[in-house]
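Encoded as structure tokens, the structure appears first; notes follow it.
Please treat every number below as a calculation from the coordinates, not as lab data. Predicted model only: the values in this text are computed from it and were never measured. Counting neighbours? That spans all protein chains shown, and the Cβs are built from the backbone with ideal geometry, glycine included.
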Amino acid sequence: MPDLNLILLGPPGSGKGTQGERLQEDLELPYYATGDILRAAVKEGTEVGQTAREYMERGDLVPDEVIIGVIAERLGDSPAGHGFILDGFPRTVPQAEALDAELDKLGRQLEAVILIDVSDDEIIRRITGRRVCADGGHIYHVEFSPPETEGVCDIDGSELVVRDDDRPEVVRNRLDQYHEKTAPLVSYYEKQALLNRVDGSADPDQVAESIRSLVSTLSLEEG
Ligand code: AP5
């Protein structure tokens, strides 16, 4: 398997986490989801978590310098030759530039940025029905992806809860932040010929299939 370094890009609720879990299982690559990393830091009360908490509660992005440090540390520890999947990073042009610089330093490069395209209306439907498991963060939806037993995670049996930042007024701000600060990354990566769009409005299995076929094309090109 070549060094497959991938980014999952997309608005809040587009399915990055849902697809990231599957892709990680398929490819067995290190998977770094900045939202999960930050929520764990908040729970543990680390310095990063204490800084991040107030931004996350409002639905604002945490400062670039905080999150860049978090990812640089992980990539530095990640073995070359095994690839990685980034979910939720980068989210601003300065983060993307910092990532380019970090990968240069490590002698690695990005293979593809996968943009999961979903409309704002669909995002609101998805986020308002999302439930996550309190222990492992596994993702469900009351209508589109319900657990076998209501309120209980199929995988680890823990309680399913609503994320703190899934309240409607916070979701609106997260979407505004996406359009203002993250959407410019689409042209940033188009210019580098790295951007690959996937229709995220299809059901999760179909979206997974589109991503799988894209990744197998990349693997063939690399191999
Ligand atoms: P983060 O946790 O990354 O939140 P996000 O980007 O807003 O993305 P979500 O986790 O809400 O959604 P998702 O795309 O993973 O969708 P999911 O698969 O869950 O970040 C949280 C916060 O951390 C940010 O607001 C910010 O404060 C901070 N942060 C993180 N990274 C940062 C960075 N780089 N810089 C600065 N700050 C940062 O799916 C959503 C729902 O839809 C689920 O219920 C799911 O079951 C359902 N669903 C999924 N796919 C489908 C489908 N195809 N059809 C129907 N339903 C579906």
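Evaluate E = 1/(1 + (r/R0)^6) for VAL93 and GLU122, where r is the Cβ-Cβ distance and R0 equals 22 Å; express this FRET efficiency to the nearest 0.05.
For R0 = 22 Å, the calculated efficiency reads 0.25.
For region 152-164, just list the computed ³J(HN,Hα) in residue order, Karplus coefficients 6.51, -1.76 and 1.60, θ = phi - 60°, integers in Hz, with x standing in for Gly and Pro.
The phi angles translate into 10, 5, 4, 7, 10, x, 7, 6, 8, 10, 8, 5, 3 Hz.
If we count every other residue with Cβ under 13 angstrom of TYR189's Cβ, Lys/Arg +1 and Asp/Glu -1, where does the sum land?
-1
Quick one: 3J(HN,Hα) in Hz for region 25-32, Karplus 6.51/-1.76/1.60 with θ = phi - 60°, rounded, Gly and Pro as x.
Karplus-based 3J(HN,Hα) across region 25-32 equals 5, 5, 9, 6, 9, x, 10, 10 Hz.
Tell me, what HN-Hα J-couplings in whole Hz come from the Karplus equation 6.51 cos²θ - 1.76 cosθ + 1.60 at θ = phi - 60° for each residue of region 89-99, using x for Gly and Pro?
9, x, 10, 9, 4, x, 5, 5, 5, 5, 5
Quick one: if the Förster radius is 35 Å, what FRET efficiency do VAL161 and ALA202 give, using the C-beta to C-beta distance and rounding to 0.05?
0.80
If packing is taken as the average count of other Cβ atoms within 10 Å, what order do 100-110, 27-37, 4-14, 181-191 fall into, highest mean first?
Descending packing order for the listed peptides: 4-14, 27-37, 181-191, 100-110.
So between GLU65 and GLN24, what do we pick up on full extension, going 0.36 nm a residue minus the alpha carbon distance?
Gain on stretching GLU65 to GLN24: 12.1 nm.
Under the rule a/c < 1.5 gives rounded, and otherwise a/b versus b/c splits prolate from oblate, where does the chain land using the Cα gyration tensor?
rounded
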